[in-house]
Protein chains: 2
Amino acid sequence: ADAAAGKEKAMVCAACHGVEGKAMIPGYPHLAGQSAQYTAKQLKAFRDGSRSDPLMAPLAKALSDADIENLAAWYASLSP
Amino acid sequence: ADAAAGKEKAMVCAACHGVEGKAMIPGYPHLAGQSAQYTAKQLKAFRDGSRSDPLMAPLAKALSDADIENLAAWYASLSP
């Protein structure tokens with residue numbers, strides 16, 4: 001996985017999850033330092049609908065497997 | 001919410017999410033420092049089935065609203 005590519009892809013995510021993975025919006029999860037395997041699993045679940053969320057679903061549907069691995073690597077690399 | 005009560009209730013959670021909210025099992029989420037509002041929302045979603053997980057569902061079904069608020073407060077209080 002390519003964390004630098006994930007960082008670029010994360011521009012959209014930053015609106016809710018923070019530029020450094022620290023969510024500014026109450027009730028939104030912090031992602032900085034989260035397990036990459038967990039983050040990737042959740043993005044795939046949002047993408048295939050097995051985890052349902054009206055906001056995350058369309059965002060995740062736009063992601064390739066590589067995008068997901070890169071995003072997960074980027075967030076895992078940040079200090080929590 | 002009562003973080004100290006949450007700590008006691010979290011004995012079961014610790015098996016997968018770590019005694020201090022740092023998951024030792026790959027692919028399991030770290031919970032230390034996570035937004036209390038987010039953690040509570042997810043526990044309620046596991047409890048009512050709107051977020052589906054074969055492991056979390058039965059665990060969450062055993063929790064009262066107060067348990068959930070206390071657990072969420074406990075994990076939010078830990079340093080990530």
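So, B:A36, is that one closer than 18 Å to A:A23 by Cα, at pLDDT 95 or above, within 12 Å of chain A (Cβ to nearest Cβ) and within 11 Å of the chain's Cα centre (by Cα) or not?
For B:A36, the condition - closer than 18 Å to A:A23 by Cα, at pLDDT 95 or above, within 12 Å of chain A (Cβ to nearest Cβ) and within 11 Å of the chain's Cα centre (by Cα) - is met.
Residue by residue through the stretch A:1-25, note down the ones that are closer than 17 Å to B:G33 by Cβ and open to solvent by 90 Å² or more (accessible area, probe 1.4 Å).
Within the stretch A:1-25, A:E20, A:M24 meet the criteria.
If you scan the stretch B:13-33, which residues turn out to be more than 9 Å from chain A (Cβ to nearest Cβ), closer than 17 Å to A:P80 by Cα and within 10 Å of the chain's Cα centre (by Cα)?
Of everything in the stretch B:13-33, those that are more than 9 Å from chain A (Cβ to nearest Cβ), closer than 17 Å to A:P80 by Cα and within 10 Å of the chain's Cα centre (by Cα) turn out to be B:H17, B:G21, B:L31.
Taking the stated definitions as given, is B:P80 at pLDDT below 95 and over 19 Å from B:A5 (Cβ atoms)?
Yes, satisfied.
How many residues, within the stretch B:19-33, are at pLDDT 95 or above and closer than 20 Å to B:P58 by Cβ?
The total comes to 4.
Which of the residues spanning the stretch B:41-65 are more than 14 Å from chain A (Cβ to nearest Cβ) and either hydrophobic (A, V, I, L, M, F, W, C) or closer than 22 Å to B:A1 by Cα (or both)?
B:R47, B:L59, B:A60, B:K61, B:A62, B:L63, B:S64, B:D65
Within the stretch A:26-37, can you find the residues that are open to solvent by less than 70 Å² (accessible area, probe 1.4 Å) and in contact (Cβ under 8 Å) with a residue 24 or more places away in the chain?
Passing the criteria: A:H30, A:L31, A:A32, A:G33, A:Q34, A:S35, A:A36.
Let me confirm something: among B:L71, B:L59, which residue is of a type in the set (A, V, I, L, M) and buried (at least 19 other Cβ atoms within 10 Å of the Cβ)?
B:L71
The values are calculated or read from the model by the stated rules, or taken from the named source; none is laboratory data. Given the structure is predicted, the values throughout are model-derived calculations rather than measurements. Positions of Cβ are generated from backbone atoms using ideal geometry, with glycine treated the same way; all protein chains shown enter the neighbour counts. Only protein heavy atoms, including side chains, enter the accessible area calculation; ligands, DNA and RNA are left aside. Shrake-Rupley method; radii C 1.70, N 1.55, O 1.52, S 1.80 Å.
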